[in-house]
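The values are calculated or read from the model by the stated rules, or taken from the named source; none is laboratory data. Remember, it's a predicted structure, so these values are computed and weren't measured experimentally. Cβ sites come from the backbone with ideal geometry, for glycine too, and all protein chains shown count toward neighbours.
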Amino acid sequence: LWWAHFPPTRLTRPPPAAAGSGPVGPCGRRAYAPPAERKRFYQNVSISQGEGGFEINLDHRKLKTPQAKLFTVPSEALAIAVATEWDSQKDTIKFYTMHLTTLCNTALDNPTQRNKTQLIRAAVKFLETDTVCYRVEEPPALAELQKNEWDPVIAWAEKRYNVTIGSSTSILGPNIPASTKETFVSHLASYNMWALQGIEFVITQLKSLILSMSLIDRHITVEKAVLLSRLEEEYQIRRWGNVEWAHDYDLCELRARTAAGTLFVHLCSESSTVKHKLLQD
């Protein structure tokens with residue numbers, strides 16, 4: 001394991017709610033299951049530029065991946081963000097809070113051994129079960145809420161990508177045209193492998209390709225994207241109440257993971273490429 005390069009310490013079990021914080025593949029398999037916590041063993045965190053990119057240094061040790069590869073990222077901005085995660089850890093390193101580090105490990109080791117085409121197809125497959133495309137007929141108040149909140153996002157995506165998406169109350173979901181799927185395949189192909197890992201991570205948090213692309217294209221905020229992904233749950237909470245503290249904890253965790261994934265996508269994309277994507281009709 002990557003942390004085995006350092007002196008052993010006693011590990012503690014993660015809080016129950018934290019167990020789901022790692023990236024999840026299209027079949028629900030987690031890329032990694034690192035120790036939840038361990039005692040901080042370093043004083044200083046720094047970055048340096050090597051032959052393959054930017055590296056993270058913990059004192060005089062170079063950070064490595066779970067497969068013992070040198071932890072190297074493609075941009076200085078991403079290296080600074082990862083270094084900040086490590087530097088912000090107090091007496092105990094809480095790995096389940098270090099989403100950027102986990103995403104980098106996944107991109108470097110590619111534990112599921114998928115290529116770019118497979119990553120893209122897995123992302124586009126979410127259209128078939130996209131959160132915002134599945135609607136209810138009862139109760140009427142929830143149906144109206146879904147229409148008011150989700151329809152504008154679908155309309156934006158249809159205009160942005162020049163596609164037809166639609167929605168359905170059928171248990172089978174909407175019939176997404178093949179041309180729509182191919183348009184998203186072409187769009188996602190313009191991202192590099194690192195960014196695609198981040199996109200998939202965001203999609204698995206929101207259970208929606210449409211919300212994820214709306215967020216990455218900066219049409220909606222992280223807070224809005226998370227709210228829209230939990231619309232039915234929030235409706236039920238407003239109606240019946242919620243378990244004290246549990247709702248707020250889950251909401252904050254989901255926001256943190258979604259924000260980290262979105263930041264990862266932008267930090268892994270060339271600024272000119274991102275700007276071009278945002279300005280496309």
Out of everything in the stretch 145-162 that is over 24 Å from the mean Cα position of the chain (by Cα) and not basic (K, R), what residue ends up being surrounded by the most Cβ atoms within 10 Å (Cβ to Cβ)? L145
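One line per residue, one yes/no per condition, for (1) touching a helix residue (DSSP H, G or I) at 6+ places or on another chain (Cβ under 8 Å); (2) acidic (D, E):
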position: I154; (1), (2): yes, no
position: Y161; (1), (2): yes, no
position: S170; (1), (2): no, no
position: P174; (1), (2): yes, no
position: M193; (1), (2): yes, no
position: Q197; (1), (2): yes, no
position: E200; (1), (2): yes, yes
position: I210; (1), (2): yes, no
position: R218; (1), (2): yes, no
Does any residue in the stretch 210-233 that is within 15 Å of P152 (Cα to Cα) come within less than 8 Å, Cβ to Cβ, of a residue that is aliphatic (A, V, I, L, M) and not in a helix (DSSP H, G or I) six or more places away or on a different chain, and which pairs are these? I210/I165; L211/I220; S214/I220; L228/I220
If you go through the stretch 102-135 one residue at a time, how many are of a type in the set (V, I, T), surrounded by 14 or more Cβ atoms within 10 Å (Cβ to Cβ) and more than 30 Å from P74 (Cα to Cα)? 2
Has the stretch 198-213 got any residue that is buried (at least 24 other Cβ atoms within 10 Å of the Cβ) and among the charged types (D, E, K, R)? yes
Could you please find all residues in the stretch 127-139 being assigned to a helix (DSSP H, G or I) and either at pLDDT 95 or above or of a type in the set (A, V, I, L, M, F, W, C) (or both)? L127, T131, V132, C133
Could we say that V124 is out of contact with any Lys or Arg (no Cβ under 8 Å at 6 or more places or on another chain), under 14 Å from S208 (Cα atoms), modelled with pLDDT of 95 or more and assigned to a helix (DSSP H, G or I) here? no
